[in-house]
1. Residues of B:121-132, mean number of Cβ from any other protein chain within 10 Å of their own Cβ, rounded to a whole number?
2. Apply 1/(1 + (r/R0)^6) to the Cβ-Cβ distance of residue A:163 and residue B:163, taking R0 = 56 Å, and write down the FRET efficiency to the nearest 0.05.
3. For the ranges A:77-88, B:209-220, what's the packing order if you count other beta-carbon atoms within 10 Å of each residue, average per peptide, and put the highest first?
4. If the label for residue B:76 sits 7 angstrom from Cα along the Cα-to-Cβ line, what are its distances to the same label in every other copy, in nm to one decimal, shortest first?
5. With a 1.4 Å probe and every protein chain left in place, work out the accessible area per residue of the range B:116-259 in Å², rounded to a whole number.
6. List the residues whose amide H sits under 5 Å from the amide H of residue A:102, counting only those 5 or more places along or on another chain, with H placed 1.01 Å from N in the peptide plane.
7. Using the 7 Å Cα-to-Cβ label point, sort the distances from residue B:38 to its equivalents in the other copies shortest first and give them in nm to one decimal.
8. Could you tally the net charge around residue B:216, taking each other residue with its Cβ under 11 Å from the Cβ of residue B:216, Lys/Arg +1 and Asp/Glu -1?
2 protein chains.
Amino acid sequence: MYPSIEIKCDAGPGFDLVRATDVSEEARPFGPDTGGLEALRFDPGRGGSVADRVHGVLRAAIVEVRLAPGTPISENSICRQFSVSRTPVRAAIQRLSEEGLVDVSPQRGSFVAPLRIDGLRDSHFIRRSLELAILREVAGIWTEEMSAEMRAIIEDQARVIEAGNHDGFFEEDERFHHRLATFCGRDGVWEAIRGAKVTMTRFYRYWAHPERLAEVLREHGAVIDALDTGDAQEAERALSLHLDVVFNVFDRMSEEERRNLPA
Amino acid sequence: MYPSIEIKCDAGPGFDLVRATDVSEEARPFGPDTGGLEALRFDPGRGGSVADRVHGVLRAAIVEVRLAPGTPISENSICRQFSVSRTPVRAAIQRLSEEGLVDVSPQRGSFVAPLRIDGLRDSHFIRRSLELAILREVAGIWTEEMSAEMRAIIEDQARVIEAGNHDGFFEEDERFHHRLATFCGRDGVWEAIRGAKVTMTRFYRYWAHPERLAEVLREHGAVIDALDTGDAQEAERALSLHLDVVFNVFDRMSEEERRNLPA
DNA sequence: ACTGGTATACATGTATCCAAGTATTGAGAT
DNA sequence: ATCTCAATACTTGGATACATGTATACCAGT
């Protein structure tokens, strides 16, 4: 079983990321430097409420690991940065807190949630159970049109990999899994999957090695292949394998990377 | 497939409930009468933040269907009622909104979320998938101690039924399912189940006929029986059957009850 | 050198005020 | 009688001021 550890991020193998201002060393959480926050951009006047937009900007930054785990998130620094009042910022942070993306401790501060192996276990379990259940339903109503659509998504994903578009890769990946859910009318279930997925996505974005991207492509293809041949069991096996790989990423960590893990 | 309908509650078969002030007829949402809110009690000075406590009180009232679906929830009426400012009430309602228990439309009002069959479908699917997956794990590590503990819970549940303690029944029911999750160290997954369950719980609390309670008891027993004999497949079948019954509650609705459904 | 108490700067939580949008109401015109 | 439209009374969203708790920095006493 995996230990309960928190991963302190310094640098990902494939991606650069904005560093938290030495969270462990620096005494004062919020100095003149806001630790990566200043790189965030907030378009005033766009659609939606201010709180929604603030939430969206912060969420994207956290999920895409542009804001490192542990980074202090001060309501004041955010509302200075975005030129809005504390009220919508507070609402946004509250939402992020409920999504498990931000830890807020009263009178102390709020911080980007660390990458916890525990959370990864739960996230994996939930996602796996739900996606397999969905796949079972989809297998029962599989059509050629569906197959064609899924293959198109895979091709799109191949293209963005070729172009070196990392963000695009993750978007297409989400499309793949999302579409399977909508095939059997389980949009509500997809929302639950999406909620559980963020934990894995953050982990993945941080640790995934570039060579992994092509493997994902093949694994997606294997699922569709099995569905095309009408072998539901094989499809489940393939999808299960695909989802389990995230754990293997943990196993692949180099010694140096492992050494960054506290306790 | 079930249609997308909203259930407007007038009175449950087994329970009395505070009526919304004729939501469909009354023009003004918030009159001098706040539609059931006045029955809610808020203990000042207890532990936790004000926002947390407000959230807890409202959540319990909604889940236990003491506040009827469709009841207007005005921030002002709440903070008058509880003698607190709007800010923590706002935070509480935002949380409830994210939990799907309250629908808030800007500049119009917030309302206790209606009972949607759609939501029930998703809720059922999620709960079923996750609980079955957990049961599969538990079956692999089943011990006599676990069996004894579960049987004790069932006995407790029998006692509260005997005593006519409806709230106690639902608490014990939650204990039963919760304990299974903790046996295999899936507390995080239980939280997800709990989130999905509220939709079903509200439905159940509203429609469940008294004779159903004893059936639940037998079904719980059947699951444990199967686990004791080491028949994992039978256990899954029994649990699946148990969870599916909620849909049957919908089928059992009398014609008069059905007529209350709009569209 | 080290320990202990205090001052200060920061955080989030709460209260209140203002802005902007929606739905009902009721009067007046058709 | 019916329709149009302005006034009004609500709502939630946002901005700001204040309350309260925490952690560091600093300094005095040992």
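The values are calculated or read from the model by the stated rules, or taken from the named source; none is laboratory data. Because the structure is predicted, anything quoted here is derived from the model rather than measured. As a convention, Cβ positions derive from the backbone with ideal geometry for all residues, glycine included, and neighbour counts pool all protein chains shown. Heavy atoms of the whole protein, side chains included, go into the accessibility calculation; ligands, DNA and RNA do not. Shrake-Rupley method; radii C 1.70, N 1.55, O 1.52, S 1.80 Å.
1. Neighbouring Cβ atoms belonging to other protein chains average 5 per residue here.
2. Efficiency for this residue pair is about 0.25.
3. On the way: A:77-88: 16.7, B:209-220: 15.1.
Sorting A:77-88, B:209-220 by mean packing, highest first, produces A:77-88, B:209-220.
4. Its label point is 3.3 nm from the equivalent points in the other copies.
5. Ligands and nucleic acids excluded, the figure is 43 Å² per residue.
6. A:97, A:113
7. 5.7
8. -3
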